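The structure appears below as structure tokens.
The values are calculated or read from the model by the stated rules, or taken from the named source; none is laboratory data. Just so we're clear, the structure is a prediction, and the values are computed from it rather than from any experiment. Cβ placement follows ideal geometry from the backbone for every residue including glycine, while neighbour counts extend to all protein chains displayed.
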Amino acid sequence: MMDINLHGLFYCCRAFGRAMLRQGKGSIVNVTSISGLISNVPQPQAAYNTSKAAAIQLTKSLAAEWAKRGVRVNAVSPSYIETDMTRGALEKRQDWVAVWQQFTPMIRVGQPTEVAGAVLFLASDAASFFTGSNLIVDGGYTCW
């Protein structure tokens, strides 16, 4: 879990960051998760939560270090999104889905296109004064 969600992210940021730092501009958008901000219920996933919390902190640290050199680093933290990763639970664990929807004011899981809009915004010049930010795309899950 840590190798993919944290170490992999670190190495990707380092590789792309080097090129962006050389050119004096760029924008990195990391995909983290609300799991880096909360403890999920009902499924146990301490390792996943820890890796995503570390990814959020990595985003903030790189943002602080690279801002003066023209590179912005932000994150998007989705909640439960209908993807290949969640499809198994969506199909087989209706008890989990009921809890997820209970805690989501919009009473549904999100769609990948809803996360894509946040990523597009952060990568664009419309977010030119954003760095170290973490946009939460969760249908209100973290409002509670």
Item to complete: Name every residue in segment 49-81 that is within 19 Å of Tyr11 (Cβ to Cβ) and among the aromatic types (Phe, Trp, Tyr), in order of residue number.
Response: Trp66
Item to complete: Please name all residue pairs, on different chains or six or more residues apart, with Cβ atoms under 7 Å, provided the first residue is in segment 96-125 and is surrounded by 15 or more Cβ atoms within 10 Å (Cβ to Cβ) and the second residue is part of a loop (DSSP other than H, G, I, E, B) and small (Gly, Ala, Ser).
Response: Thr104/Ser79; Thr104/Gly139; Thr104/Gly140; Gly110/Ser79; Gly110/Gly139
Discussion item. Of all residues being under 23 Å from Phe129 (Cβ atoms) and in contact with a helix residue (DSSP H, G or I) (Cβ under 8 Å, 6 or more places away or on another chain) in segment 3-19, which is surrounded by the fewest Cβ atoms within 10 Å (Cβ to Cβ)? Just the residue, please.
Written reply: Gly17
Item to complete: Just give me the residues in segment 1-49 being farther than 16 Å from Ala75 by Cα, of a type in the set (Val, Ile, Thr) and not in a loop (DSSP other than H, G, I, E, B), in sequence order.
Response: Ile4
Worksheet item: For the subset of segment 73-97 comprising residues that are of a type in the set (Gly, Ala, Ser) and in contact with a helix residue (DSSP H, G or I) (Cβ under 8 Å, 6 or more places away or on another chain), which member is modelled with the lowest pLDDT?
Response: Ala89
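In segment 72-89, which residue that is surrounded by 16 or more Cβ atoms within 10 Å (Cβ to Cβ) and of a type in the set (A, V, I, L, M, F, W, C) is nearest to the chain's Cα centre (by Cα)? It would help to see each step written out before you state the result.
Taking segment 72-89 first, the residues surrounded by 16 or more Cβ atoms within 10 Å (Cβ to Cβ) are 72-81, 86, 89.
Imposing the further condition that a residue be of a type in the set (A, V, I, L, M, F, W, C) reduces the set to 73, 75-76, 81, 89.
On the way: Val73: 12, Ala75: 5, Val76: 4, Ile81: 11, Ala89: 20 Å.
Looking at the filtered set, the residue picked out is Val76.
Provide a single number: the residues in segment 5-22 that are of a type outside the set (Gly, Ala, Ser) and touching a strand residue (DSSP E or B) at 6+ places or on another chain (Cβ under 8 Å).
Taking segment 5-22 as the starting set, the residues that turn out to be of a type outside the set (Gly, Ala, Ser) are 5-7, 9-14, 16, 18, 20-22.
Among the residues that remain, those that are also touching a strand residue (DSSP E or B) at 6+ places or on another chain (Cβ under 8 Å) are: 9, 13, 16, 20-21.
Of the residues in that region, 5 qualify.
In contact with a Phe, Trp or Tyr (Cβ under 9 Å, 6 or more places away or on another chain) and part of a helix (DSSP H, G or I): does that describe Ala118?
Working: in contact with a Phe, Trp or Tyr (Cβ under 9 Å, 6 or more places away or on another chain): no; part of a helix (DSSP H, G or I): yes.
Here the answer is no, as Ala118 does not meet what is asked.
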Worksheet item: Residue check: is Ile56 under 23 Å from Phe130 (Cβ atoms), in contact with a strand residue (DSSP E or B) (Cβ under 6 Å, 6 or more places away or on another chain) and part of a helix (DSSP H, G or I)?
Response: yes
Worksheet entry | Qualifying positions in segment 57-68 - in contact (Cβ under 8 Å) with a residue 24 or more places away in the chain and surrounded by fewer than 18 Cβ atoms within 10 Å (Cβ to Cβ) | Lys60, Ala64, Ala67
